[in-house]
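The values are calculated or read from the model by the stated rules, or taken from the named source; none is laboratory data. Computed from a predicted structure; not experimentally measured. Here the Cβ is made from the backbone with ideal geometry for all residues, glycine too, and neighbour counts use every protein chain on show.
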Amino acid sequence: MKTLVLIDSNALIHRSFHALPPLTSPSGEIVNAVYGFTAVLLKMLKELKPDYVAAAFDLPEPTFRHKEYKEYKATRKKAPEELYLQIPKVKEVLAAFGIPVYEKAGFEADDIIGTIAFAAEKKADIKTVIVTGDTDTLQLVDKNTAVYGLRKGVSDIAIYDEKAVEEKFEGLKPNQMNDYKGLKGDVSDNIPGVPGVGEKTALELVKRFGSMEKLYAALEKGESLGSSLLFALAVGGL
């Protein structure tokens with residue numbers, strides 16, 4: 001089976017920029033994000049020995065998520081200009097390795113990665129590995145897709161397959177990550193979630209009912225949902 005690696009470039013650039021000191025080039029340019037990105041790239045190539053590699057990038061234009069929800073990422077502070085200035089240099093590194101770059105206005109790198117991973121699933125002889133610095137792409141993990149994820153800094157890396165995701169999230173399956181995050185919210189993206197429902201309650205609800213749709217169906221039927229959900233409702237939840 002051949003291996004396709006998809007790089008979540010912006011996630012790696014941000015992780016590298018904030019994890020490493022402000023390293024500079026001989027000309028005085030800050031290159032810590034370039035250095036960290038390249039270090040992860042070289043480590044990945046050595047360990048995974050992929051047959052195919054592609055890199056996805058965000059673009060500055062608003063995405064379809066901003067159009068659907070105006071407050072999406074509204075509380076996120078703009079990254080320093082020194083970070084953005086390093087993105088073209090990262091693309092130069094990728095070009096030197098012959099790695100193609102994919103980006104599209106209105107979409108995030110995650111969307112591009114998800115699209116390519118979905119298309120790759122139709123090929124029986126391809127295994128996909130997503131290289132990233134956050135957990136958003138864990139929802140894409142399945143029998144043919146894994147995540148090569150940075151946990152701390154740029155050197156602590158773990159491979160998340162279906163079993164690893166379930167272990168990390170106490171039995172939650174990868175395809176339940178959307179419902180889990182929908183219930184608890186996502187502070188980094190300014191998504192509020194359900195009032196009164198935190199990580200623990202969200203885990204309990206998704207594991208018990210399987211999906212958001214089944215949870216709402218149980219609510220409509222008036223089923224007894226337990227003290228955790230009753231507390232959330234009392235606070236002002238569903």
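Restricting to helices (runs of 4 or more DSSP H) lying wholly in segment 132-238: which have 1 or more residues that are at pLDDT below 85 and in contact with a Lys or Arg (Cβ under 6 Å, 6 or more places away or on another chain)?
Those helices (runs of 4 or more DSSP H) span 199-209.
Among the residues of segment 118-125, are any surrounded by 21 or more Cβ atoms within 10 Å (Cβ to Cβ) and either in contact (Cβ under 8 Å) with a residue 12 or more places away in the chain or part of a loop (DSSP other than H, G, I, E, B) (or both)?
No; the residues of segment 118-125 include none that is surrounded by 21 or more Cβ atoms within 10 Å (Cβ to Cβ) and either in contact (Cβ under 8 Å) with a residue 12 or more places away in the chain or part of a loop (DSSP other than H, G, I, E, B) (or both).
Just to be sure, is Val90 crowded, with 21+ Cβ neighbours inside 10 Å, in the same structural domain as Leu59 (by TED's automatic domain parsing) and outside any helix (DSSP H, G or I)?
no
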